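Undergrad: Once you've had a glance at the structure underneath, I'll fire off some questions.
Rule-based calculations on the coordinates, nothing more; no lab input. Predicted model only: the values in this text are computed from it and were never measured. Here the Cβ positions follow ideal geometry from the backbone for every residue, glycine too, while neighbour counts run over all protein chains shown.
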Amino acid sequence: MKLRCIECGREYPPEDTRTGCDCGGLLEVELEIPPVSREMFDARLGMLDHPLRSGVWRYRELMPAFPDDAIVSKPEGNTNLYHDQRLSDFAGTEVWFKHEGENPTGSFKDRGMTVGVSHARWTGATMVACASTGNTSASVAAYAATAGIPSVVFIPEGKISAAKLGQTIAYGTTIIQVRGDFDAAMRMVREATSRYGIYLLNSLNPFRLEGQKSIVLESLQQLRWQVPDWIVIPGGNLGNTSALGKALREAVAAGLIDEMPRIAVSQAAGAAPFYRAWQTGFEAYEPVAAETIASAIRIGDPVNYTKARRAILDTEGTVTAVDDDAIMAAKAMVDRVGIGCEPASAAGLAGIRRLVTEGVIQPGERVLTYLTGHLLKDTEASADYYITRGGAYPTVIDPTLEALDRAIADLL
Ligand SMILES: *Cc1c(COP(=O)(O)O)cnc(C)c1O
Ligand SMILES: [Zn+2]
C-alpha cells in the first residue's frame, strides 16, 4: 500500500497524512489487491464479527490494509437496494436506488469515514477536522467520538440544515462557523490542517475515497454482479464520482466484473462547475458561486475535479445538471413511494429523467443511482416544499365526533 500523485506519479508512504502532492496534484491510495472472487464476498454476507460485518470491510482486500484493532467501524454499509415501478416510470427507464441514507449517521459519508478515521488512528492523529455542508461534519463527529479522538468541524454559517447541525453538536465536536460559503470553510480547514498538523477528513483525503468505493461494490453484489448500463450520482465535491471510477477500474482488474458501466454525474444547475467544464470538453474549468436548495451539493469549487474528470473519461460517461424544481419533483416521487431521501440525493433521479428525455440514456437501459442522504437530514426543505408550495397543510381538528366526521368525510 502506498500513496501516489495522480499528476506526477510521485510516491509517499501510507503513514503520510498529507492530502496533496508537493506538485499540487491529488493523491490516490495504490493497493496491492490479492486474488479475490465473487464467491468469497458472497460467503461473507451476514457475518456478525468485526470488521467483516461492515459493508465496507467485507471488501477488505480492496480496502487499505489496517490491523483489526485500528479499524473504527460502527459498522456501516449493508444498505438496501430499492426498485419501484412507479419510479422507473417517472425516470423513463429501469432504476435501482442504493439507499445510503441508511448508514449510521444517515449519509454515505460514513463509508469513507470508517477508513479515514481508521487511518487517522493508525497514524496516531491527535485531532481530526473537516469542512462540511452538514453530512461530513455529522459523520466526522460520530466516528471521531467512537475512536476517542477530538474533532473540529468548519461549516458555512447559517447554510446547513438544522437537523445536520443538531446531529453534529450532539456527537460532541467543536464547531467553527465560517462567515462565507462551503468553499470558504474548505479554505479555512485546509489552512488549519497545514498550519497545525490536524488530520483532514474531507474527500481530499484519499483514504476516505477508498471507503466510498464500497457503495458500488455492495450494489454490484446486490445486483448479483450484473453490471448496470449506467450509474448516475449527484455531484458536489466529486469525491463519490472519483471513488466510483476507481472502484470500477479495480473491480474489472480483479475480475469481479467484465465491463464498466457508464458514469453520469448530475449537478444542481446553480452549483454546476463540473457540468460547465464538461460542456467545454473539459477544456475550461471555472469555479462558480453556488446556490441551490440541495445544500449537500451546494459547492462551487469541487476539490476532486481532476479525479472525477478521469472517471467520466474512463467510462465514456456524461455530466448533466438539473434545476431545483426538477430536484424537488424527483424527491417528491422518491418520498411518496415510501423510500424518502434528502434533496441532494434526488439530483440523481432528476438527472436520469433528463438524460432519458435527451436520448443519452435509452429507455430499457438499467440504471443504478445512489440516494446519498436520509429524508430526516433536511426537514426544512421538505416542509417548505410540501406545505408552502404543495399546499399539504396538516388538518387540525377539535377532539369531537363532529369534527372527526367532517375531516374523514373529506377523505372518502
Ligand atoms: C456529500 C454529499 C453529496 C455529494 O457528494 P460528493 O462526493 O461531494 O460529490 C451528495 N449528497 C449528499 C446527501 C451528501 O451528503
Ligand atoms: Zn505530484
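Undergrad: How far is helix 182-196 tilted off the main Cα axis of the chain, in degrees rounded to 10, range 0 to 90?
TA: On a 0 to 90 degree scale, this one is about 30.
Undergrad: Ok, one more. In the range 17-103, what GluC sites (Glu not before Pro) fall in a loop by DSSP, with at most 12 other Cβ atoms inside 10 Å?
TA: Here the GluC sites (Glu not before Pro) that fit, given the DSSP loop and packing criteria, are 32.
Undergrad: Apply the Karplus parameterisation 6.51 cos²θ - 1.76 cosθ + 1.60, with θ equal to phi minus 60°, to every residue of the range 396-412 and state each ³J(HN,Hα) to the nearest whole Hz, in sequence, with x for glycine and proline.
TA: With the stated coefficients, the range 396-412 comes to 10, 10, 6, x, 10, 5, 4, 5, 4, 4, 5, 5, 6, 4, 4, 8, 7 Hz.
Undergrad: Taking Cα atoms, how many degrees apart are the long axis of helix 206-222 and the longest axis of the chain, rounded to 10 and kept between 0 and 90?
TA: Helix 206-222 sits at roughly 60 degrees to that axis.
Undergrad: What ³J(HN,Hα) values, in whole Hz, does the Karplus curve 6.51 cos²θ - 1.76 cosθ + 1.60 give for the range 281-298 when θ = phi - 60°, with x put for Gly and Pro?
TA: Ordered by residue, 3J(HN,Hα) equals x, 6, 7, 10, 10, 10, x, 10, 8, 8, 8, 6, 5, 7, 4, 5, 10, 8 Hz.
Undergrad: Further question: Do any GluC sites (Glu not before Pro) in the range 154-248 lie in a DSSP loop with no more than 14 other beta carbon atoms within 10 Å, and if so, which?
TA: 157
Undergrad: Here is a further query. Considering only the other residues whose Cβ falls under 9 Å of the Cβ of residue 123, what net charge follows from Lys and Arg at +1 and Asp and Glu at -1?
TA: Result for the neighbourhood of residue 123: -1.
Undergrad: Specify which residue in the list 285, 123, 359 is farthest towards the positive end of the charge dipole of the chain, using unit charges on the beta carbon of Lys, Arg (+1) and Asp, Glu (-1), about the Cα centre.
TA: Among 285, 123, 359, the one farthest towards the positive end of the dipole of the chain is 123.
Undergrad: Note down the net charge around residue 393, summing +1 for each Lys or Arg and -1 for each Asp or Glu among other residues with Cβ under 15 Å from its Cβ.
TA: Here the charged neighbours net out to -1.
Undergrad: In debye, nearest 20, what is the charge dipole magnitude of the chain about its Cα centre with +1 on Lys and Arg Cβ and -1 on Asp and Glu Cβ, if you could check?
TA: 640
Undergrad: Take the Cβ-Cβ distance between residue 40 and residue 288 as r, set R0 to 51 Å, and report the resulting FRET efficiency rounded to the nearest 0.05.
TA: The value I calculate is 0.70.
Undergrad: Excluding residue 337 itself, calculate the net charge of residues whose Cβ lies under 9 Å from the Cβ of residue 337, where each Lys or Arg counts +1 and each Asp or Glu counts -1.
TA: Around residue 337, the charge tally is 0.
Undergrad: Something else about it: Let me have the 222 nm mean residue ellipticity of the chain computed from DSSP H runs of 4+ only, each contributing -39500 (n - 2.57), with the sum over all residues rounded to the nearest 500.
TA: -11000 deg cm²/dmol
Undergrad: Could you go through the range 265-273 in sequence order and give the Karplus-derived ³J(HN,Hα) for each residue, using 6.51 cos²θ - 1.76 cosθ + 1.60 with θ = phi - 60°, rounded to whole Hz, and x for Gly and Pro?
TA: Calculated HN-Hα couplings, in order: 9, 10, 10, 6, 4, x, 8, 10, x Hz.
Undergrad: Let me ask something additional. Name the long-range amide H neighbours of residue 366: under 5 Å, sequence gap of 5 or more, or other chain; modelled H, no Pro or chain starts.
TA: Amide H neighbours of residue 366, under 5 Å, 5+ apart: 229, 230.
Undergrad: Same structure again: Could you pull out every residue, at least 5 positions away or on a different chain, whose amide H is within less than 5 Å of the one on residue 321? Hs are placed 1.01 Å off N in the peptide plane, and Pro or chain starts have none.
TA: 267
Undergrad: Just in the range 162-268: which trypsin sites (Lys or Arg not before Pro) are loop by DSSP and have at most 12 other Cβ atoms within 10 Å?
TA: 179, 224
Undergrad: Using alpha carbons only, how many degrees (0 to 90, rounded to 10) separate the axis of helix 239-253 from the longest principal axis of the chain?
TA: The helix 239-253 is inclined about 60 degrees to the chain.
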